[in-house]
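Asks: What follows is a single structure, and I will ask about it in a moment.
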Amino acid sequence: MKHLLKLEGMPSAAMEEILASAKVIKAKRGGGEAKPLDGQTWALIFTKSSTRTRVSFEVGIRELGGSVMFLNANDMQLGRGEPIKDTARVLGRMVHGAVIRTFAQADVEEFAEYSGIPTINALTDDEHPCQILTDIFTFQERRGPIRGKVVTYVGDGGCNVPVSWVHAAAALDFELRIAAPSEFQPSTEILAKAGGNISCTEDIRAAVKGADMVYTDVWVSMGMEAEAEARLAKLAGYQINGELMRLAKPDTLVMHCLPAYRGKEIDAETFEAHADTIFTQAENRLHTQKAILAWLAG
Ligand code: CP
Ligand code: NVA
């Protein structure tokens, strides 16, 4: 039984297979596509908000021939205390796969263990694997193989998105620089586990020099709202803006997983200058996740 629970420990061959298949799936969209989910019903179980992930999975599952059921976790008995392992054993007897967005990584892993159906992590506090596979697909579409390239992540370097970048960098052999205040950098345990060519710095200007891509995410992730004021103050110097990008190469890609907060992690002008890349990145969630679904079904 295959799952996509995290990029940590995921073999590079599996990532490369998904990335190659996403390219074919994108090219074939609407023109005699394969239907590997024919006759299947997949459940989306979300505890946190979502626009891109929900829509791209709902559309993608349908395009692959499946049916989809969206479940707000708070409307389920799960929200009233029914254990995850019981919920998993019920759903596992009725649906063919699950896509879960929640807080604890352990909850998605427990669901996968007890349900006996392919399970996808659609974002937890620890990782956002579908996002980073999409980002790499988007980079490669525009700049060729990511191997040996330099990706600079600017902002909250300790949240799910940069942590998935850490594991991808180690597996796919590109350089990752994380420019963040020391308290917003990935833990030494995570960095040690990943290995690879990864550096963390507070020197945002040095980090963007020579980068092939500069990337950011929100400063206040879902679930961190109580810390919002302190985070905005501490991360204020870690914005992607025109002044910073003048230090980078002229053809450096700017990417953002969205939603974007202009004037915080990125200024409005830089965001709009790179909007075509950023919204292609959002569109590519659909193609890459269809490749993930096909990989799990195969
Ligand atoms: N980037 C991303 O996962 O967006 P949503 O939160 O809208 O799904
Ligand atoms: N780090 C962000 C990603 C949103 C897609 C969050 O967890 O809210």
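Asks: Once Lys and Arg get +1 and Asp and Glu get -1 on their Cβ, which of Gly144, Gln105, Pro250 lies farthest toward the positive end of the dipole of the chain?
Replies: Of the candidates, Gly144 comes out farthest on the positive side.
Asks: If you bin the C-alpha pair distances of the range 56-161 every 10 Å from 0, what whole percents do you get?
Replies: The distribution over the range 56-161 is 12, 37, 30, 16, 4, given as percents.
Asks: Now a separate question. Take the Cα gyration tensor of the chain, multiply each eigenvalue by 5, square-root it, and list the three semi-axes largest first, rounded to whole angstrom.
Replies: On the way: eigenvalues 196, 96, 59 Å².
Output for the chain: semi-axes of 31, 22, 17 Å.
Asks: State to the nearest 20 debye the size of the charge dipole of the chain about its Cα centre, where the only charges are +1 on K and R beta carbons and -1 on D and E beta carbons.
Replies: On the way: 32 positive and 39 negative charges, 166 e Å.
It comes to approximately 800 debye.
Asks: Identify all aspartates and glutamates with a Cα-Cα distance to Lys249 below 19 Å; exclude those on the same chain that are fewer than 8 residues away in sequence.
Replies: The qualifying aspartates and glutamates are Glu141, Glu175, Asp203, Asp212, Asp267, Glu269, Glu272, Asp276.
Asks: Follow-up question, since we're still on this one. What nm distance separates the two modelled labels at Arg29 and Glu183, each placed 7 Å from Cα along Cα→Cβ?
Replies: Each label point is offset 7 Å from its Cα along the Cβ direction, giving 4.2 nm.
Asks: Also, I was wondering about something else. Relative contact order for the chain using alpha-carbon pairs under 8 Å, separation at least 6, rounded to a whole percent? Spell out each step's value before the answer.
Replies: Details: 559 pairs, mean separation 61.9, N = 298.
Relative contact order here is 21 percent.
Asks: Please give the helix 160-172 orientation as an angle from the longest Cα principal axis of the chain, in degrees from 0 to 90, rounded to the nearest 10.
Replies: 90
Asks: When only DSSP loop residues count, what GluC sites (Glu not before Pro) in the range 105-139 have their Cβ near at most 11 other Cβ atoms within 10 Å?
Replies: Details: sites: Glu109, Glu110, Glu113, Glu127; in loops: Glu127.
In loop regions of the range 105-139 (DSSP not H, G, I, E or B), there are no sparsely surrounded GluC sites (Glu not before Pro).
Asks: Return the FRET efficiency for the residue pair Arg142, Thr201: r is the Cβ-Cβ distance, R0 is 25 Å, and the value is rounded to the nearest 0.05.
Replies: Numbers: r = 26 Å, r/R0 = 1.02.
The value I calculate is 0.45.
Asks: Mind sorting Ser56, Ser50 by how few other Cβ atoms lie within 10 Å of their own Cβ, fewest first?
Replies: In order of increasing Cβ crowding within 10 Å: Ser50, Ser56.
Asks: Please name which of Gly66, Ile120, Ala88 has its Cα lying farthest along the dipole of the range 63-149 towards the positive end, using unit charges on Cβ (Lys, Arg +1; Asp, Glu -1) and the Cα centre as origin.
Replies: Farthest towards the positive pole: Gly66.
Asks: With labels modelled as points extended 7 Å from the Cα through the Cβ direction, what inter-label distance (nm, one decimal) is found for Asp38 paired with Glu229?
Replies: With each label placed 7 Å out from Cα toward Cβ, I get 5.9 nm.
Asks: Give the order of Leu133, Leu244 when sorted by the count of other beta carbons within 10 angstrom, beginning with the fewest. Could the numbers behind the result be given before it?
Replies: Details: Leu133 26, Leu244 22.
Going from least to most buried by this count: Leu244, Leu133.
Asks: Do you know the relative contact order of the range 136-199, to the nearest whole percent, from alpha carbon pairs under 8 angstrom that are 6+ apart? Display every interim value, and only then the final one.
Replies: Values: 91 pairs, mean separation 22.6, N = 64.
Reported relative contact order: 35 percent.
Asks: Using only Cα atoms and rounding to the nearest 10 degrees, what angle (0 to 90) does helix 105-115 make with the longest principal axis of the chain?
Replies: 20
Since every read-out is calculated from the coordinates, none of them should be taken as a lab result. Just so it is clear, the structure is predicted and the values come from calculations on it, not from any experiment. All Cβ positions, glycine included, derive from the backbone under ideal geometry; neighbour counts span all protein chains shown.
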